[in-house]
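Values quoted throughout were computed directly from the atomic coordinates according to the rules given, and no laboratory measurement underlies them. Quick caveat, the model's predicted, so the values are computed rather than measured. For neighbour counting, all protein chains shown are included, and Cβ atoms are generated from backbone atoms with ideal geometry for every residue, glycine included.
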Amino acid sequence: MSAVQTVDDQAGAQQELPFAMVYGQAVLEMPLDLYIPPDALEVFLEAFEGPLDLLLYLIRKQNINILDIPVAEITRQYMGYVELMQSVRLELAAEYLVMAAMLAEIKSRMLLPRSAEIEEEEDDPRAELIRRLQEYERFKAAAEGIDNLSRVGRDVVVPKLDAPEARARKLLPDVSLEELLMSMAEVLRRGDMFESHQVSREALSTRERMSDVLERLKGGGFVPFVELFTAEEGRLGVVVTFMAILELVKESLVELVQNEPFAAIHVRARAE
């Protein structure tokens, strides 16, 4: 293949490139009836947040010392930008016109001849403008620094993890022998109210009463200590029941529980 043929192939490939794609179809030639309005496309290269931002841009663009501003040249460039905004029919903010009037005033004050005494008494007409520009520059730099920081939700994702469910174990106080005896004395006082004076005595067995107590504690629930006694049995029945409970505690078949000091005592059968 010759070099001339290669160049012709490349030229033909370039000519076949479409001018535009319309609904997926390649347009190879410019339409003859195509009309482009003069205001169809507008490009804005710079956007300013206010008159101070525009002035700072003009100063930095020309590398001018902010403490020695050539007011005449800056005013000319500033007014050129204002006229450009008016020519493209943008809504011109009033603060831009206020700054234009301020620049015109400073320019006129610097152009007017003044004696040496007046120059010593009066400050530089640019001093207030320089102060405002320096202050604006500091705040703008701070805002740009804050904007460059990482933001939660945009640059940083904070992971969230639910805490594990914590179950607090309630420690029950130990039942002392003194409190058990006090509860027993209360039961005895209640039993005295139903004391019988009959001569015949009813035979009571501690082992049988232990079986009765275990039967009542079936199910693993808590039963109040005083409910295990039957006051109608009198002192003898109360004593036998108390001895049966002590034997069950000794054999680790039941346990005594008290929620807090001086609270009611409950009895529960121990799990196997």
Query raised in the report: Label points 7 Å out from Cα along the Cβ direction at K140 and L112: separation in nm?
Result: 3.0
Query raised in the report: Treating the beta-carbon of each Lys and Arg as +1 and of each Asp and Glu as -1, no other charges, what is the dipole magnitude of segment 177-269 about its Cα centre, to the nearest 20 debye?
Result: 160
Requested in this report: May I ask you to order 145-154, 49-58 by the average number of other C-beta atoms within 10 Å around their residues, highest value first?
Outcome: 49-58, 145-154
Query raised in the report: Using 0.36 nm per residue, how much length does the chain from A263 to L188 gain when fully extended, once their Cα-Cα distance is taken away?
Result: 25.2 nm
